[in-house]
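Structure first, then comments.
Values quoted throughout were computed directly from the atomic coordinates according to the rules given, and no laboratory measurement underlies them. For clarity, every value in this text was computed on a predicted model and none was experimentally measured. Heads up, the Cβs are rebuilt from the backbone with ideal geometry, glycines too, and the neighbour counts pull from every protein chain shown.
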Amino acid sequence: MLVSKLVLLKVSQSVLLATEEQSQLHRELACSTPPERSKILRRAQRMAAHASASLPPNAILAARRREDILRIAGSGGSEPDLGCLSGATLLFPDMDSSAVSDLGELQKLGRLGVKTLITSSASNEDIFIRLKLRSFSRLRKLLNASYLSLHAVARFACSGSRLARFFSTKAHHVNGKRWETARLSDIKGSEHVELCDQFVLLEGITQAPPLPVMHADIERGGAGRYSVWNGRVVFSPLAAGRRPFSLIPKNRWTEPFLEFVCESCSPSEEGSAADPIKASLVEQLEKAARNWRGSRIPVHVLRPGDKLVALTHCLAPGGAERQWCYLALGLKRLGYDVSVVATHDVSGAGSHYLPLLDRNAIPFIPLQDAIHDPRVCLSKESADDDLIRRHVSFAGCDLDILTRLLLKLRPKAVFAQLDVPNILGAIAAHVADVPRIVLSFRNYNPGHFPYIYQDWMRPCYQALSSSPRVVLTGNSHAANHDYADWIGIPPSRVHTIANAIDPSGLVAPSDEERHLLRSSLGIDADAPVLIGIFRLSDEKRPFDFLEVCRRVKEAVPEIKVLIVGEGPRQAELEAAIRTLQLEACVRLLGRRTDIGSLLHISNALLLTSAREGMPNVVMEAQLAGLPVVASRIGGVPDCVTEGSTALLVEAGDVAGFSNACIRILSNPQMARSMGICGSDLMRAKFTIDKMCGQYIDLAGVKLTAAREERITPFSAEPAAPFPRLKPLNQELRA
C-alpha cells in the first residue's frame with residue numbers, strides 16, 4: 001500500500017472505502033457494475049458492520065454517483081481536501097493485512113488523522129482485522145517506550161550487531177529480510193496460532209505494525225513486519241538490526257501507550273445480525289421451511305438420458321473435487337446427460353481436474369463464464385424471484401446466474417457438495433423447480449474450520465433439511481453424525497456413501513521411470529520413503545507430521561520424507577523444518593500432478609489429521625500397494641482394514657505414529673503384505689459404479705440388473721405420483 005496512490009470513496013460521514021489506483025476495486029468504482037454484483041464491494045459492506053457504521057446496500061452506488069472520490073495525492077496539481085480523514089475509518093476490501101502492513105505508510109495515515117483501518121487477514125479473507133491508529137510526537141514515543149519496556153517479557157538483539165553482546169537472547173538471520181529468535185519461554189499461547197495481536201514488538205522506540213502476515217511476506221517485504229508464532233518472534237528489522245528489540249504483552253496497562261492496536265474479528269463474530277442481507281436470506285428460507293414441514297416426499301424416477309448437474313465450488317487439487325469428477329464420470333457411464341458446474345473461481349489451480357473432464361467429454365460450466373457460454377445461451381434478464389433479486393451475489397457466488405443456469409438446463413436432479421455450493425445450489429434448485437436435490441458433506445461440520453464457517457450456514461441447513469426435495473449424504477459415518485447433531489436432525493437423515501477410487505487413474509510407472517523420479521528428487525535407490533499428501537493447514541496437524549518424521553529419522557537415519565500439498569501454513573512449516581534440522585530429510589513438493597508415481601516410489605503413507613471425511617489419499621495409497629499409518633478419525637476406519645491394510649493411531653499421539661511408521665519401515669515383508677491387502681480392498685469395494693448407483697438410488701430410482709424400480713427414500717409408503725411442488729418464490733409469497 002502506498003498512501004500517495006490511494007483512492008478513497010466517501011460512503012458515509014466517517015467511513016471511506018480505500019483502494020489503490022488501477023486496482024480491481026478502482027475499476028469497479030469507475031464503471032456501472034451494481035455493487036451487489038461485486039464480491040469486493042459486498043465484503044466492504046460486511047467490514048462496515050465491524051466499524052459500527054451502517055452501510056446501506058445503495059450507499060456505495062449513491063456515493064459513486066455523487067463522485068465522492070478523493071485522491072490523496074491530488075490531481076492536476078490541485079491540493080486535495082483531506083479534512084474528511086480526521087477521525088475516519090478506512091475499509092480496505094481488496095487488500096489483506098500483508099498489503100497494508102508497511103510501517104511508514106501506516107504512520108502517514110496516522111498523521112492524516114485516520115482513526116481505524118479494517119482489512120481482511122492475510123491467511124483468511126473471512127476474518128477481519130481492525131487496526132486503531134494513534135500519532136505520537138517523538139518525545140511522546142520515547143516516554144511511551146520507556147514505560148512499555150517495564151512490561152517487556154523478552155529483550156533481544158540481532159546476532160552480529162554491536163548490541164548483541166549485551167543481550168543473552170539473540171535473533172538469527174534466516175533468509176531475505178527475515179530474522180527469527182529461539183523459542184522464548186515467556187510467550188504463553190496456543191501452538192500454531194498467530195499471537196501478533198497479543199504481543200507488541202518495539203524496535204528502539206518504534207512499534208512494528210501488529211498485523212498478521214505470512215512468514216514469506218516478512219522474508220520478502222520487510223518494513224517492520226513481524227509474527228509471534230510457536231514461542232518465537234519472526235520479524236524484519238527496520239534499521240538493519242542496529243536497535244534493541246522488546247516484546248511487550250498487550251493488556252489494559254500497555255494498550256493506552258501503543259501507536260497501533262490490533263483486533264481480529266472471527267467469522268463466528270460476524271453473525272447474520274451483522275449482515276442484514278444474510279439475515280434476510282435466512283429469514284426467507286425459514287419461512288419457506290414452514291410450508292415444507294409435513295409435506296410428503298416426492299417420488300421421482302431418473303432414466304438414462306435425463307439431464308443431471310454435479311455442482312461443486314471449483315476443480316482444485318483436492319479429494320472432494322476429485323470425487324465429484326468421479327461422480328460425473330460414473331453418471332455419464334450409466335447413460336445420463338451430466339454437466340459439472342463450478343460456483344467459484346476456476347483460474348490457476350482451480351482448474352486442476354479440468355483435463356479429466358475434457359478427456360471424458362463432460363461439459364464443464366464455471367458460473368463466472370456462464371453468461372457468455374454459447375452452450376447455454378443464458379438470457380440477460382435476472383431470475384424472476386424476490387429472493388434471488390435480493391441476494392444476487394452471495395458468499396462469492398452469483399446466485400442469480402446459478403438460478404438462470406438451472407432454469408436453462410432443467411436437470412432432473414442436482415448433486416451438490418461442500419457447504420456454500422450445497423446451500424446456494426439448493427436455493428437455486430428450488431427456485432428452478434428441480435425435483436431432487438442431493439447435498440453431500442465431505443468432512444465434519446464447518447464449525448470445526450474457522451476459515452470456512454459462517455453463522456448463516458446452520459440456519460440455512462436447518463431450513464433446507466425440511467424440504468422434501470432435499471436428500472442429505474456424506475462420506476463418513478462419524479462426520480455425518482457430527483453434521484446431524486450440528487443441524488439438529490436425526491443421524492438417520494444423513495446417508496453414508498463412501499468415496500470411490502479409479503484404478504485406471506493410478507497406473508504404476510516402469511522401473512526406469514521410478515529410478516528417474518527418485519533421482520530427480522535426490523533419493524537413493526534403496527532409501528525408504530515416507531510420504532504425506534495433505535493441505536498445509538491446521539486440521540491436518542502438519543507440525544505433528546514433522547515431529548513424527550524427526551522421531552522416525554532417529555530410528556531410520558536413511559529415511560526420506562515427501563510432503564505434497566499447499567496451504568496457509570507453508571511458511572511456518574518451512575521454518576519448522578529448519579528448526580528441527582530436517583532440511584536433508586524432508587522435501588516440500590507443493591502441488592503435483594504425478595501423485596500416482598510418487599506413491600509408487602514410496603514405502604508408506606502417513607496421515608496425522610485431526611479431522612477427515614473419507615480421505616482420498618488413504619484410498620489411493622492402498623490402491624498403489626502402500627501400507628498406511630493414519631489417525632483413527634472420520635471416515636478413515638471405513639476405508640481401511642485395521643491391522644491388515646493400515647495401522648491406526650489416535651489423533652495427536654505422536655509417539656504412536658512414530659512407532660507405527662518405524663514398525664512398517666523396519667519390516668519389509670509386513671509392509672508388502674499390507675500393500676497387497678490394501679490394493680485388493682480398494683478394487684473390490686470402492687468402485688465408481690457402486691458410488692454412483694448409491695447416489696442415483698437416493699435421487700429416486702434403484703437400478704437392478706433387469707429393470708428400473710421406483711423407491712421412496714425415508715418412507716415406507718407405496719410409491720405414488722407426488723403433486724408438483726410450488727417454486728420457492730411462490731412458497732415465500734404464501
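What distance in nm lies between label points placed 7 Å from Cα along the C-beta direction at L517 and S135? A separation of 6.0 nm, rounded to one decimal place.
Derived scalar couplings between HN and Hα for the range 660-672 equal 5, 5, 4, 4, 6, 5, 8, 9, x, 5, 4, 4, 5 Hz in order, rounded to whole Hz, by the Karplus curve 6.51 cos²θ - 1.76 cosθ + 1.60 (θ = phi - 60°), x for Gly and Pro. Computing FRET efficiency as 1/(1 + (r/R0)^6) for N251 and A527, where r is the C-beta to C-beta distance and R0 is 45 Å, gives about 0.30.
The stretch between T206 and E583 holds 132.2 nm of extra length on full extension. This uses 0.36 nm per residue minus the Cα-Cα distance. Within the range 246-261, name every residue whose backbone N is under 13 Å away from a label modeled 7 Å from Cα of L163 along the Cβ vector. Counting backbone N atoms under 13 Å from the label point, the list is 246-247. Assuming a ≥ b ≥ c are the square roots of the Cα gyration tensor eigenvalues, decide whether the range 509-685 counts as rounded (a/c under 1.5), prolate (otherwise, with a/b larger than b/c) or oblate. Taking the square roots of the gyration eigenvalues as a ≥ b ≥ c, the range 509-685 is rounded. Taking the Cβ-Cβ separation of S347 and S673 as r and a Förster radius of 60 Å, what is the calculated FRET efficiency to the nearest 0.05? According to the calculation, E is roughly 0.85.
Between R293 and D369, the simple label model (points 7 Å from Cα in the Cβ direction) yields a spacing of 4.5 nm.
Quick one: which of K141/K170; K141/K177; K132/K540; K132/K177; K115/K170 span more than 32 angstrom between C-alpha atoms? Beyond 32 Å between Cα atoms: K132/K540; K115/K170.
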